[in-house]
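Accompanying notes for the structure given below.
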Amino acid sequence: MNEYDSQRISTLAEKVGYYKTDNINNIDCYVLNTCHIREKATEKVYHDIGRLKKNYRNKKKPIVLVTGCVAQAENNEMLKREPYIDAVVGPQSYHNVPKILSKLHKKKEKLNFTNFDVVEKFDELNKVKNLDSKVSSFITIQEGCDKFCNFCVVPYTRGPEYSRSPEEVIKEAKDLILNGTKEITLLGQNVNAYFYNEKEKVFKFSNLIMSLDKLKELKRIRYTTSHPIDMTDDLIDCYKNAKKLMPFLHLPVQSGSNKILKSMNRKHSREEYLSIIHKLIKVKPDIKFSSDFIVGYPGETEKDFYDTISLVKEVNFINSFSFVYNPRPGTPASNLERVDRETQMRRLTELQNLLVDIQIKANKNEIGKLTEVLIENRMKKQTKYFGRNENLTPVVINNVREKDIGKIIGVKIQDCNRNTLFGTKVNMEREAAA
Ligand code: SAM
Ligand code: SF4
């Protein structure tokens, strides 16, 4: 979502005469869009600004904006701790960026824009076309969270759940498609909690997927991140009915232990999670899964940890994110007794080794097979091209051309490493007949 927000911030800044540059040594404005999910990200902000300060010691100071969830959570504290920062702008206030830049251009002052007006934000954003022209683009359709997992800062930094109107979303999708987008990933902290209700007319996430599925030039639909309790049967049925919905789902479970899930306030059990997985496999046998895991959560015993390990083996996640529990100020879990660091790290290593083994095995299993790849771009300083197959696995192809960008082509996989498949374009019909 930060990638989507950064892209929108950059378009907004263009309204007042700024444009994006890769030349960090000659800038007028520096926007640092931040994440607050783990502590490390906050420290990185100060580290990055320290580097910038050094770089501009003998030059004109650029305007420095810190946007995103760190700005939301730490607002005035940040302005005090680092005077080099000119403004803090929360994730629901970044539509004000043109106004902020104009103000700072005229007069040096410290600005704090951390209101939670998500309706005003999207009203403003709707007036500015999403100019993204990538083959694969994002659209934020939902923001915020009402679930309050005991470890997580998102409900405090992004605010309550909010869904954009289907008309706005479809219009943004059509604009992107006109610009060349072939794949859209719908975004939200709880994307599948999407629910729009106006004048008694209800529009659910499954309705939105089915509407997007009808857009002619669109080839693929994805969404992230989903919460298990919102994986309703009508959404599961989309895997049968929506031709463009990809057979891959990132569905974070966090832990395989019911005791830990309860203590996290995840609102679902291991069995309920597995039942969703089985229902999805029933309607879409080739579907693959990925997840997020937190290890070393307060109270996690060896048995709880091995419940997570057994769940990983049962689902065979092809790709996942795993983290050591990181206490976040203001969240209920931060007051609980912690698992010692050594145990946390040992468990993280064991879990990650297992996840990597499964990923490598899944990739090796593709060798010799045909896979459908949406070609996204030519690789930097190479003649090879990059794309992703239906399961979101990166694929590097050696014999495609510029004109193949944006097309779905058949690729025969010849090799792989942990993250990537390597292959050659083939004529799918000829291969199938052979
Ligand atoms: N809404 C999504 C869900 O419930 O599955 C997750 C969104 S959260 C922004 C992304 C991931 O960060 C979570 O799934 C969790 O694994 C991780 N995370 C959040 N808070 C954390 C914490 N305090 N320590 C470690 N990992 C954390
Ligand atoms: Fe955070 Fe996701 Fe839980 Fe919401 S549902 S509190 S975003 S982990």
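Odds and ends about this structure:
- The ratio of the alpha-carbon radius of gyration of the range 120-167 to the globular-protein estimate 2.2 N^0.38 Å is 1.42.
- Every pair of different Cα atoms in the chain enters the Kirkwood calculation, which places the hydrodynamic radius at 23.5 Å.
- Exposure proxy ranking, count of Cβ atoms within 10 Å, fewest first, for ILE405, ILE367: ILE367, ILE405
- Of LYS127/LYS182; LYS171/LYS214; LYS201/LYS244; LYS60/LYS107; LYS244/LYS361, pairs whose Cα-Cα distance is over 19 Å: LYS127/LYS182; LYS201/LYS244; LYS244/LYS361
- Options HIS227, ASN112, SER291, ranked by Cα towards positive dipole end of the chain, top entry (Cβ charges): ASN112
- Taking only the alpha carbons of the range 182-297, we obtain Rg and Dmax values of 14.9, 47 Å in that order.
- Placing +1 on the Cβ of every Lys and Arg and -1 on the Cβ of every Asp and Glu, with nothing else charged, gives the chain a dipole about its Cα centre of roughly 1480 debye.
- The range 129-246 - Rg and Dmax from Cα coordinates, angstrom: 14.2, 42
- Counted over all Cα-Cα pairs of the range 359-434, pairs farther apart than 21 Å make up 20 percent.
- When both the range 363-386 and the range 292-309 are represented by their alpha-carbon centers, they are found 35 Å apart.
- Footprinting exposure proxy ranking of GLU272, GLU342, GLU74, fewest other C-beta atoms within 10 angstrom first, gives GLU342, GLU272, GLU74.
- Above-threshold pairs, the threshold being 27 Å between Cα atoms, out of LYS40/LYS284; LYS204/LYS313; LYS134/LYS412; LYS282/LYS384: LYS40/LYS284; LYS204/LYS313; LYS282/LYS384
- 17 Å Cα-Cα reach of LYS53 towards aspartates and glutamates, excluding residues that sit fewer than 8 places from it in its own chain: ASP28, GLU43, GLU82, ASP86
- Our estimate of slack between SER133 and ILE229, defined as 0.36 nm per intervening residue step minus the Cα-Cα distance, is 31.2 nm.
- Each of ILE24, ILE287, ILE281 was scored by other Cβ atoms within 10 Å of its Cβ. Listed from fewest to most, they are ILE24, ILE281, ILE287.
- Cα gyration tensor category, rounded, prolate or oblate, for the range 58-100 with a/c compared to 1.5: oblate
- Taking 7 Å steps out from each Cα toward its Cβ at ASN398 and ASP146 produces label points 5.4 nm apart.
- Global form of the range 2-117, assessed from the alpha-carbon gyration tensor, a/c cut-off 1.5: rounded
- 23 Å Cα-Cα threshold exceeded, pairs from LYS59/LYS108; LYS20/LYS425; LYS99/LYS121: LYS20/LYS425
- The distance separating the Cα centre of the range 20-58 from that of the range 233-250 comes to 39 Å.
- Projected label points at GLU342 and TYR84, each 7 Å from Cα along the beta carbon direction, are separated by 3.9 nanometres.
- Per residue, the Cα convex hull of the range 276-326 amounts to 79 Å³.
No value in this document is a laboratory result; all are computed from the given coordinates. Please read these numbers as outputs of a predicted model, since none were measured by experiment. Because the Cβ atoms are built from the backbone with ideal geometry, glycine has one as well, and the counts that use them run over all protein chains shown.
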